[in-house]
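One structure is given here, and the rest of the page talks about it.
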Amino acid sequence: MADFFREPKGIPGTTAKWRDFNSSVRAEAHGRVNLIGEHTDYNHGYVLPTSIPQSTIVKLRLRPDRLVSVQTDRGLGRIEYELGSEKQTHSWRDYIQGATWLLAREGLTLRAGFDLTIQSTVPMGSGLSSSAALLVSLLKVLRDGHDLKGLGDLEISKFAQRIENEFVGARVGIMDPLAASLANEHNALFVDTESLRYEQIPLPTTKLDFVVINSGIAHRHSSTGGYNERRAECEKACELLGVGSLREVKKVEDLDALPDLYRRRARHVVTENARVLEAVEALRRGDCEKLGELFQASHRSMSQDYDVSLPEIDAMVAIANRLPNVFGARLTGGGFGGSIVVAVKAGHAVRVADQIARRYREETRQSPQVLVPKA
Ligand code: ADP
Ligand code: MG
């Protein structure tokens, strides 16, 4: 009998076998909040993100042709295209097409077309990295569904960054995809973005919780414009200093000769790198007061030297810093809007989040959204 019903070897136009079409494969990647180390990744410095509970889940089922059919939630609808016909559209389609485009360029052959469903709870455009969560979960499901052996989690982060850089057209750094691929909620992911060495730093969860609140201001002044401008300013500072990257500058005195604007931009990067290293030490010691001080210093530096905060965000950080059971607060993400992260005493996150949101709403008339702890 077994011989009589022999499994067909393959399907014309694909390298998949019939049995591959009967099962679906699933992958998940979480959003992230950067605890400290902001605007340091493109300056070859240090970052310290951790995962948030919100995630993106993708499910893939191979199909017996070369079509890709994708359904996402969020009212963004469905897309369909043929493998090999990827074209930029300047919409969410580019994240999907960019992934199949890059894999083909790298010689990683997809066995067949596929149906994909995307479900995500990571808010889009809130500085919590929904784009990296999408790309990393997608690359992982493509790896598992298409048997792309040898594509490791670190490689997947690099691919996700390249897809945003080369296909979507966003000049993003390596932090977001690294966090989406490698971070978890129990640790902070300490990354040297120059060597890509990383270490999981256990969070002192008996003493410390985090609160993340969206300001309700979605990247005013166009986040990409401001972000690209800061990158260009850092490049100019390097040129004036004669260094390859601001990572090479070890002390702020070395910046004295720079014109004021470039000195302030570079000073943020140099001092922020030092703060990440101190924050790692503070976490290792379980010293939450020190971590809070570093959060506050980081925010001042982002606001005054790097100019990526807004009056409303400064107000929310100040409200948080005045509350009991708060170690410290800061703007997280690229800035010009987005979210703040607050280090609070364990067990106080819900109440503190509530208080910050209420007072911020009264003071600024904005509509904040508590993202962590998750409702
Ligand atoms: P962030 O990564 O901070 O959330 P980005 O602007 O980098 O903000 O990425 C947001 C974009 O990523 C969205 O506009 C959309 O194109 C795409 N995206 C993210 N999540 C999804 C999803 N679940 N479905 C479809 N597109 C998504
Ligand atoms: Mg993004």
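The values are calculated or read from the model by the stated rules, or taken from the named source; none is laboratory data. Quantities reported herein were computed from a predicted structural model and do not represent experimental measurements. Side chains included, ligands, DNA and RNA excluded: accessible areas come from the protein's heavy atoms. Shrake-Rupley method; radii C 1.70, N 1.55, O 1.52, S 1.80 Å.
Measuring with a 1.4 angstrom probe and ignoring ligands and nucleic acids, Leu241 comes out at about 50 Å² accessible.
Roughly how many whole Å is it from the C-alpha centroid of region 89-148 to that of region 53-70? If we compute the Cα centre of each part, the gap is 8 Å.
Heavy-atom accessible surface of Arg74, to the nearest 10 Å², is about 90 Å², with a 1.4 Å probe and all protein chains retained. Rolling a 1.4 Å probe over the protein chains gives Leu208 an accessible area of about 10 Å². Dividing the summed -39500 (n - 2.57) terms of all DSSP H runs of n ≥ 4 by the residue count of the chain sets its mean residue ellipticity at 222 nm at -11500 deg cm²/dmol. Any chance you could give the angle, 0 to 90 degrees and rounded to 10, that helix 311-322 forms with the longest Cα principal axis of the chain? With rounding to tens, the tilt is 70 degrees.
When Arg66, Arg78 are compared by accessible surface with a 1.4 Å probe, the order from highest to lowest is Arg78, Arg66.
Extension gain, Glu106 to Asn184, is 25.2 nm, computed as 0.36 nm per intervening residue step minus the present C-alpha separation. Taking the 0 to 90 degree range and rounding to the nearest ten, how far is the long axis of helix 349-364 tilted relative to the main principal axis of the chain, both from C-alpha atoms? The helix 349-364 is inclined about 70 degrees to the chain. For the chain, a Gaussian network of Cα nodes joined below 10 Å ranks Leu310, Leu138, Leu76 by mean-square fluctuation, and the top entry is Leu76. Once the Cα-Cα distance is subtracted from the 0.36 nm per residue extended length, the Arg171 to Arg365 segment shows a gain of 66.6 nm. Multiplying the residue separation of Leu154 and Glu239 by 0.36 nm and subtracting their alpha-carbon distance yields 27.5 nm. Between the helical axis of 130-145 and the longest alpha-carbon principal axis of the chain there is an angle of about 30 degrees.
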